[in-house]
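Student: Quick one: the structure is below, questions incoming.
The values are calculated or read from the model by the stated rules, or taken from the named source; none is laboratory data. In this text the structure is predicted, and so the values were computed from the model without any measurement. Glycine gets a Cβ as well: all are built from the backbone with ideal geometry, and neighbour counts include every protein chain shown.
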Amino acid sequence: MKLNKALLLLLAFSLSAHAQKAKTSKKIKPRNEFVTELMGKMTIDEKIAQLVQYTADGTITGPKSGDNFVAEIKKGNVGSILNATNVKYTREIQELNLKNSRLKIPLLFGYDVIHGYKTIFPITLGETASWDLEAAKLSSQVAAAEAAASGVHWTFAPMVDISRDPRWGRVSEGAGEDTYLGSKMAFARVKGFQGDNLYDINTILACTKHFAAYGAAEAGRDYNTVDMSERVLRETYLPPFKATVDAGVATFMTSFNEIAGVPSTGNKFLVNGILKGEWDFKGFVVTDYTGINEMVPHGYAKDDAHAGELALTAGVDMDMVGGVFLKHTKKSLAEGKVTEEQINDACRRILEAKYDLGLFEDPYRYNDEKREASTIYRKEHLDAALKVANKSMVLLKNNNSVLPLRKEQKVAFVGPLVSDEANIIGSWAAVGDRTGYAVSVEEGVKKLITDKSKVSFAKGVEIKDTKKDLMKAALDNARNADVIVAVMGEFENQTGEAASQTDINLPGIQKEFLAELKKLGKPVVLVLLNGRPLTLNWENENMDAILEAWFPGTMGGDAIAQTLYGVNNPGGKLPMTFPRSVGQVPIYYNHKNTGRPYLGAKDAEQKYKSRYTDSDNSPLFAFGYGLSYTKFDYSNLKISSKTLNANGTVKVSVDVANTGNYDGEEVVQLYIKDVVGSVTRPVRELKGFNKILLKKGEKKTVTFDITATDLKFYTLDMKFAAEPGDFEVFVGGSSNAELTEKFVLVN
Ligand code: GLC
């Protein structure tokens with residue numbers, strides 16, 4: 001489905017118009033020549049300074065290293081600053097730096113621009129629910145344009161950590177549980193942030209994080225231990241990282257966690273071995289916040305100096321806030337524990353990134369206050385944020401077509417988030433405004449429904465309320481409505497970093513409030529603002545409709561209102577499984593079959609199966625699931641051949657008809673099962689998807705090409721290869737797709 005072409009063209013034009021104005025003329029030597037010459041003049045102290053990043057005092061995201069960044073800049077000890085934003089502040093810091101830099105080496109400014117800079121888009125998990133790669137690229141493009149106009153050179157995004165555990169708060173920042181979808185999204189986001197030329201004034205360095213497998217923390221507890229086979233690491237967790245290397249990502253960030261006993265920040269196999277070796281990554285690697293220092297509590301380094309040696313030797317190039325490279329690397333060099341070549345390589349990679357951005361030509365080319373003012377909140381940006389938010393909406397339930405609402409209905413809007421303008425932009429919302437700029441659900445509804453007698457608004461409860469005093473007013477409000485809409489969910493800071501939870505139910509007494517609302521005997525629609533899959537069994541039993549809105553961003557209230565009233569027909573699909581119970585976690589669709597698979601109801605009497613005594617194995621809502629206001633019928637699944645040759649292609653086609661009453665988007669999904677392998681294989685894996693728009697009554701044939709490359713995995717002897725044998729294909733609108741065909745891969 002093509003995003004509104006006019007919007008894309010308009011945005012592209014406006015971005016390039018800026019680029020033309022900003023292109024400076026001063027020509028300097030080609031990069032390699034320039035950097036080699038510069039490094040030839042640099043002392044070892046000046047080289048080490050390039051490996052040092054400190055945080056400005058804007059926001060800190062972890063234990064502060066205690067060093068004062070201004071004092072260190074004055075000593076010429078810093079190569080990069082994070083958490084400094086806006087043109088004026090970054091210019092001020094850059095001026096201080098250049099005044100104290102003998103060779104006038106500009107600072108690199110990094111910041112967490114995860115799902116928007118000022119114009120905030122849906123949280124990344126929500127944006128992934130759009131399954132729309134153009135939408136993902138567009139949101140990163142807009143984020144880059146606003147960040148670049150504000151003096152930021154580098155974003156610590158995309159976060160590409162696969163996770164199968166909603167207890168982990170950082171699922172909100174990623175692309176969910178699936179490697180294929182996550183890889184496609186990762187590629188699109190890097191292209192959005194970096195464009196095709198980093199010299200373009202509207203682009204910034206991207207940073208793939210957190211390398212690697214951070215989302216597999218045991219028990220979903222942030223920063224916790226990760227232990228897995230190399231096969232699972234390479235097959236499930238690494239492909240999204242590799243996709244960003246293929247997209248030309250400029251930087252990487254190592255993760256806090258260990259993998260099989262080795263912290264990523266000091267993991268030579270991971271950084272120098274896979275990233276810079278096998279994948280030939282030419283950019284630079286920054287640690288996560290004080291990640292080097294943390295190798296001491298990990299029990300992997302005896303002190304900071306040792307940790308610094310391990311990091312530099314592993315292939316890390318820049319120390320985020322830890323102060324370790326600054327304080328210890330020169331001595332480690334003198335002691336022969338690190339080499340000048342390692343320091344030179346790290347320094348070169350960082351200087352090359354600064355060169356690519358044009359900072360040596362003009363260190364202030366991102367510091368134009370007029371450009372900043374005219375770029376932030378541009379109408380095209382807000383329109384893009386609304387479009388992407390609409391595409392992220394997932395309709396989980398809609399009994400008796402209670403949705404879309406009709407304008408003539410009397411609707412009582414209730415719930416702790418009904419008028420919220422702060423949480424709606426989610427966590428990691430950069431410099432997004434939480435004081436009233438974002439569109440709340442109430443505001444969005446009032447824009448659509450101008451007859452004030454038709455809608456009412458009352459909170460009823462707070463998110464983590466224990467008192468019930470607000471409830472009465474809200475219930476009175478709802479008593480004479482035709483429909484009740486409850487806008488509920490989490491605080492934005494219940495997901496994101498250091499926000500793991502053992503309980504993933506709706507917080508507080510929101511469920512009790514829903515029960516009171518249900519007693520009024522009216523249809524109740526639950527709208528969810530949340531950053532992780534929640535356990536919603538009671539809600540699914542008792543609500544008439546459920547709309548998953550995630551944290552939809554600056555324009556979130558408009559998107560929710562437009563979806564509730566049918567201006568937007570929701571077409572999103574879940575990027576992550578919603579469990580029945582947190583006791584099922586980790587739960588994900590592409591699991592193994594085991595030797596005693598439990599096949600649901602038909603096995604109900606079978607005790608000795610891989611099952612629970614108190615719950616079905618199935619999730620509440622499956623990966624890839626999402627309804628629409630219209631109806632899509634799949635038929636006529638065809639396969640071009642029952643055999644696939646090693647270098648051939650098999651075409652799979654299916655007819656999809658819109659048999660309902662609304663135009664709508666559908667994500668047609670292709671799953672493949674490798675029936676027998678030299679190691680066991682998942683029950684099915686996503687291998688393709690195609691988002692299509694079908695007008696009501698329209699039918700389209702969707703085709704997928706399958707080649708042997710799609711069937712590759714890490715075999716028993718760890719070769720990445722496809723093995724001849726039987727395969728099954730499933731096509732449909734979720735990971736429970738039933739239409740199926742078979743083929744055989746032959747040598
Ligand atoms: C944080 C996060 C990382 C972020 C960095 C800088 O601790 O783990 O995602 O980019 O520090 O804020």
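Student: Kindly provide the set of residues from region 160-175 that are within 16 Å of the ligand (Cβ to nearest atom) and in a loop (DSSP other than H, G, I, E, B), ordered by number.
Tutor: Across region 160-175, the qualifying residues are VAL160, ASP161, ILE162, SER163, TRP168, GLY174, ALA175.
Student: A follow-up question, please. Among residues belonging to region 191-203 that are away from the ligand (no atom under 16 Å from the Cβ) and in a helix (DSSP H, G or I), point out the one that is surrounded by the fewest Cβ atoms within 10 Å (Cβ to Cβ).
Tutor: LYS191
Student: Only residues that are buried (at least 16 other Cβ atoms within 10 Å of the Cβ) and hydroxyl-bearing (Ser, Thr, Tyr): list them for region 443-487, please.
Tutor: SER456
Student: Return yes when SER610 is among the hydroxyl-bearing types (Ser, Thr, Tyr) and under 28 Å from the mean Cα position of the chain (by Cα) and no when it is not.
Tutor: Values: among the hydroxyl-bearing types (Ser, Thr, Tyr): yes; under 28 Å from the mean Cα position of the chain (by Cα): no.
No.
Student: Still on this structure: Report, by residue number, each residue of region 253-262 that is out of contact with any Cys (no Cβ under 7 Å at 6 or more places or on another chain) and within 14 Å of the ligand (Cβ to nearest atom).
Tutor: Pass one, region 253-262, residues out of contact with any Cys (no Cβ under 7 Å at 6 or more places or on another chain): 254-262.
The answer is THR254, SER255, PHE256, ASN257.
Student: Here's another thing I want to ask about it. Yes or no: region 176-190 includes at least one residue that is among the charged types (D, E, K, R), crowded, with 24+ Cβ neighbours inside 10 Å and either assigned by TED's automatic domain parsing to the domain that holds PRO682 or within 14 Å of the ligand (Cβ to nearest atom) (or both).
Tutor: Within region 176-190, the subset among the charged types (D, E, K, R) is 177-178, 184, 189.
From the residues that got through so far, the ones that are crowded, with 24+ Cβ neighbours inside 10 Å too are 177-178, 189.
Then keep just the ones that are either assigned by TED's automatic domain parsing to the domain that holds PRO682 or within 14 Å of the ligand (Cβ to nearest atom) (or both); that gives none.
No, there is no match, as no residue in region 176-190 is among the charged types (D, E, K, R), crowded, with 24+ Cβ neighbours inside 10 Å and either assigned by TED's automatic domain parsing to the domain that holds PRO682 or within 14 Å of the ligand (Cβ to nearest atom) (or both).
Student: Right, next: Only one residue in THR577, THR613 is more than 30 Å from LEU448 (Cβ to Cβ) and touching a Phe, Trp or Tyr at 6+ places or on another chain (Cβ under 9 Å). Which one?
Tutor: Numbers: THR613 fails: touching a Phe, Trp or Tyr at 6+ places or on another chain (Cβ under 9 Å).
Going through THR577, THR613 in turn, the sole match is THR577.
Student: Checking GLY248 against (1) outside any loop (DSSP other than H, G, I, E, B); (2) of a type outside the set (S, T, N, Q); (3) more than 22 Å from ALA301 (Cα to Cα), only one condition comes out false. Which one?
Tutor: Going through (1) outside any loop (DSSP other than H, G, I, E, B); (2) of a type outside the set (S, T, N, Q); (3) more than 22 Å from ALA301 (Cα to Cα) one by one, GLY248 breaks only (1).
Student: Just to check your reading of the model, which residue among THR24, THR59 is surrounded by fewer than 22 Cβ atoms within 10 Å (Cβ to Cβ), at pLDDT below 95 and within 16 Å of the ligand (Cβ to nearest atom)?
Tutor: THR59
Student: Give region 309-328 a look and list any residue that's part of a helix (DSSP H, G or I) and within 16 Å of TYR54 (Cα to Cα), or say none. Explain how you work it out, then say what you get.
Tutor: Applying the first criterion (part of a helix (DSSP H, G or I)) to region 309-328 yields 309-314, 324-328.
Selection gives VAL324, PHE325, LEU326, LYS327, HIS328.
Student: Could you pull out the residue among ALA206, ALA157, ALA213 that is within 16 Å of the ligand (Cβ to nearest atom), under 27 Å from PHE713 (Cβ atoms) and modelled with pLDDT of 95 or more? Break it down stepwise before answering.
Tutor: On the way: ALA206 fails: under 27 Å from PHE713 (Cβ atoms); ALA157 fails: under 27 Å from PHE713 (Cβ atoms).
Selected residue: ALA213, the only one of ALA206, ALA157, ALA213 that is within 16 Å of the ligand (Cβ to nearest atom), under 27 Å from PHE713 (Cβ atoms) and modelled with pLDDT of 95 or more.
Student: Which residue, of ASP383, ASP476, is at pLDDT below 95, assigned to a helix (DSSP H, G or I) and not β-branched (Val, Ile, Thr)?
Tutor: On the way: ASP383 fails: at pLDDT below 95.
Of the residues listed, the single one that is at pLDDT below 95, assigned to a helix (DSSP H, G or I) and not β-branched (Val, Ile, Thr) is ASP476.
Student: Related question: Restricting attention to region 410-445, report how many residues are out of contact with any strand residue (DSSP E or B) (no Cβ under 7 Å at 6 or more places or on another chain) and outside any loop (DSSP other than H, G, I, E, B).
Tutor: Qualifying residue count for the region: 2.
Student: On the given criteria, is ASP222 assigned by TED's automatic domain parsing to the domain that holds GLY174, among the charged types (D, E, K, R) and within 18 Å of the chain's Cα centre (by Cα)? Before the answer, list the steps.
Tutor: Working: assigned by TED's automatic domain parsing to the domain that holds GLY174: yes; among the charged types (D, E, K, R): yes; within 18 Å of the chain's Cα centre (by Cα): yes.
So ASP222 fits the description; yes.
Student: Which residue out of ASP280, ASP345, ASP362 is under 28 Å from THR90 (Cβ atoms) and part of a loop (DSSP other than H, G, I, E, B)? Steps first, answer last, please.
Tutor: Details: ASP280 fails: under 28 Å from THR90 (Cβ atoms); ASP345 fails: part of a loop (DSSP other than H, G, I, E, B).
The unique qualifying residue is ASP362.
Student: Another question, then. Output the number of residues of region 397-423 satisfying the condition of being in contact with a Lys or Arg (Cβ under 9 Å, 6 or more places away or on another chain) and of a type outside the set (Asp, Glu). So that I can check it myself, show each step before the final result.
Tutor: So in region 397-423, the residues in contact with a Lys or Arg (Cβ under 9 Å, 6 or more places away or on another chain) come out as 407-412, 414-419, 421-423.
Now restrict to residues that are of a type outside the set (Asp, Glu): 407, 409-412, 414-419, 422-423.
The qualifying residues number 13.
Student: Looking only at residues that are within 16 Å of the ligand (Cβ to nearest atom) and not in a helix (DSSP H, G or I) in region 216-225, which one is surrounded by the most Cβ atoms within 10 Å (Cβ to Cβ)?
Tutor: Looking at the filtered set, the residue picked out is ALA217.
Student: Pull out all pairs, ordered by first then second residue, where Cβ-Cβ is under 6 Å, the residues are six or more apart or on different chains, the first lies in region 104-117 and is under 17 Å from ALA429 (Cβ atoms), and the second is more than 15 Å from the ligand (Cβ to nearest atom) and part of a loop (DSSP other than H, G, I, E, B).
Tutor: HIS115/PHE121
Student: Quick one: in region 446-473, which of the residues that are assigned to a loop (DSSP other than H, G, I, E, B) and of a type in the set (Lys, Arg) is farthest from the ligand (Cβ to nearest atom)? I'd like the intermediate steps shown before the answer.
Tutor: So the first thing to find is which residues in region 446-473 are assigned to a loop (DSSP other than H, G, I, E, B), and the list is 449-451, 459-470.
Now narrow it down to the ones that are of a type in the set (Lys, Arg): 459, 464, 467-468.
Numbers: LYS459: 33, LYS464: 25, LYS467: 35, LYS468: 38 Å.
Checking each candidate, the answer is LYS468.
Student: Something else now. Out of the residues in region 621-661 meeting the condition of being under 30 Å from the mean Cα position of the chain (by Cα) and more than 21 Å from ARG684 (Cα to Cα), tell me which one is surrounded by the fewest Cβ atoms within 10 Å (Cβ to Cβ).
Tutor: Result: LYS631.
Student: Oh, and also: Has region 265-280 got at least one residue that is crowded, with 21+ Cβ neighbours inside 10 Å, within 16 Å of the ligand (Cβ to nearest atom) and more than 27 Å from the chain's Cα centre (by Cα)?
Tutor: No, region 265-280 contains no residue that is crowded, with 21+ Cβ neighbours inside 10 Å, within 16 Å of the ligand (Cβ to nearest atom) and more than 27 Å from the chain's Cα centre (by Cα).
Student: Ok, one more. Can you find, within region 722-742, the residue that is surrounded by the fewest Cβ atoms within 10 Å (Cβ to Cβ) among those that are touching a residue at least 12 places away in the same chain (Cβ under 8 Å) and part of a loop (DSSP other than H, G, I, E, B)? Spell out how you get there, then give the answer.
Tutor: Of all residues in region 722-742, those touching a residue at least 12 places away in the same chain (Cβ under 8 Å) come to 722-737, 739-742.
Filter once more, keeping what is part of a loop (DSSP other than H, G, I, E, B): 722-724, 733-737.
Working: ALA722: 19, GLU723: 19, PRO724: 14, GLY733: 20, SER734: 19, SER735: 25, ASN736: 17, ALA737: 22.
Result: PRO724.
Student: I'm trying to understand the selection: among the residues of region 295-308, which are within 16 Å of the ligand (Cβ to nearest atom) and buried (at least 24 other Cβ atoms within 10 Å of the Cβ)? Talk me through it step by step, then tell me what you get.
Tutor: Narrowing region 295-308 to residues within 16 Å of the ligand (Cβ to nearest atom): 295, 297-298.
Correct list: MET295 only.
Student: MET228 passes all but one of (1) away from the ligand (no atom under 16 Å from the Cβ); (2) farther than 21 Å from SER183 by Cα; (3) assigned to a loop (DSSP other than H, G, I, E, B); which number fails?
Tutor: Unmet for MET228, out of (1) away from the ligand (no atom under 16 Å from the Cβ); (2) farther than 21 Å from SER183 by Cα; (3) assigned to a loop (DSSP other than H, G, I, E, B): (2).
Student: Taking region 89-143 as the region of interest, how many residues are of a type in the set (S, T, N, Q), closer than 29 Å to LYS74 by Cα and not in a helix (DSSP H, G or I)? Talk me through it step by step, then tell me what you get.
Tutor: Here is the first cut: in region 89-143, the residues of a type in the set (S, T, N, Q) are 90, 94, 97, 100-101, 119, 124, 128, 130, 139-141.
Those left that are additionally closer than 29 Å to LYS74 by Cα: 90, 94, 97, 100-101.
Of the ones still in play, those that are also not in a helix (DSSP H, G or I) are 100-101.
Adding up the residues that qualify gives 2.
Student: Within region 701-714, can one find any residue that is assigned to a loop (DSSP other than H, G, I, E, B), without any contact (Cβ under 8 Å) to a residue 40 or more places away in the chain and surrounded by fewer than 16 Cβ atoms within 10 Å (Cβ to Cβ)? Show your work before the answer.
Tutor: At the first step, the residues of region 701-714 found to be assigned to a loop (DSSP other than H, G, I, E, B) are 712.
Pick out the ones that are also without any contact (Cβ under 8 Å) to a residue 40 or more places away in the chain and you get 712.
Next cut, surrounded by fewer than 16 Cβ atoms within 10 Å (Cβ to Cβ) only: 712.
Scanning region 701-714, I find at least one residue that is assigned to a loop (DSSP other than H, G, I, E, B), without any contact (Cβ under 8 Å) to a residue 40 or more places away in the chain and surrounded by fewer than 16 Cβ atoms within 10 Å (Cβ to Cβ), so the answer is yes.
Student: Please work out which residue is farthest from ASN530 (Cα to Cα), limiting yourself to region 144-154 and to residues that are within 14 Å of the ligand (Cβ to nearest atom) and outside any loop (DSSP other than H, G, I, E, B). Break it down stepwise before answering.
Tutor: As a first pass, look at region 144-154 and keep what is within 14 Å of the ligand (Cβ to nearest atom): 147, 152, 154.
Those still in the list that are outside any loop (DSSP other than H, G, I, E, B) too: 147, 154.
Details: ALA147: 26, TRP154: 28 Å.
Ranking the candidates gives TRP154 first.
Student: While we're looking at this one, here's another question. May I ask you to verify whether LYS719 is among the basic types (Lys, Arg) and without any contact (Cβ under 8 Å) to a residue 24 or more places away in the chain? Step through it out loud before you land on a result.
Tutor: Values: among the basic types (Lys, Arg): yes; without any contact (Cβ under 8 Å) to a residue 24 or more places away in the chain: yes.
Here the answer is yes, as LYS719 does meet what is asked.
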